[in-house]
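One structure below.
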C-alpha cells in the first residue's frame, strides 16, 4: 500500500477531545452544570435545545454548542413561570 492510500484510510483524531459528551462527561467538563439541572432543563424545555442530540436512548451534548445556547439565553426561562 502506498503512503497516500495509507493516509486516506487512517483515522487521525484531533487533540481537542470528544465532539459529543454524555451528561456525566459534560458535568465533569463544566463544574457549574449539574446532572439534575440538565435533566430538569430537558424535562421542561424538551430536547429541542442547541447542542442536544439523541443517539437511540442516549443523550449526547455538543459542549461548545450547548454552552453557547446557555450564553444566548435559551435556558434563561426554565420553570415556565411568567409565560402568557
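The values are calculated or read from the model by the stated rules, or taken from the named source; none is laboratory data. A quick note: this is a predicted structure, and the numbers were derived from the prediction, not measured. Because the Cβ atoms are built from the backbone with ideal geometry, glycine has one as well, and the counts that use them run over all protein chains shown.
Taking the criterion of being within 13 Å of the chain's Cα centre (by Cα) and modelled with pLDDT under 90, the residues of segment 43-63 that qualify are 47, 48, 49.
Every condition in (1) surrounded by 12 or more Cβ atoms within 10 Å (Cβ to Cβ); (2) outside any helix (DSSP H, G or I); (3) modelled with pLDDT of 90 or more holds for residue 32 except the one numbered (1).
Evaluate the following for residue 66: is it in contact with a helix residue (DSSP H, G or I) (Cβ under 6 Å, 6 or more places away or on another chain), at pLDDT 90 or above and surrounded by 14 or more Cβ atoms within 10 Å (Cβ to Cβ)? Here the answer is no, as residue 66 does not meet what is asked.
If you go through segment 35-56 and pick out every residue that is surrounded by 11 or more Cβ atoms within 10 Å (Cβ to Cβ) and assigned to a helix (DSSP H, G or I), you end up with 9.
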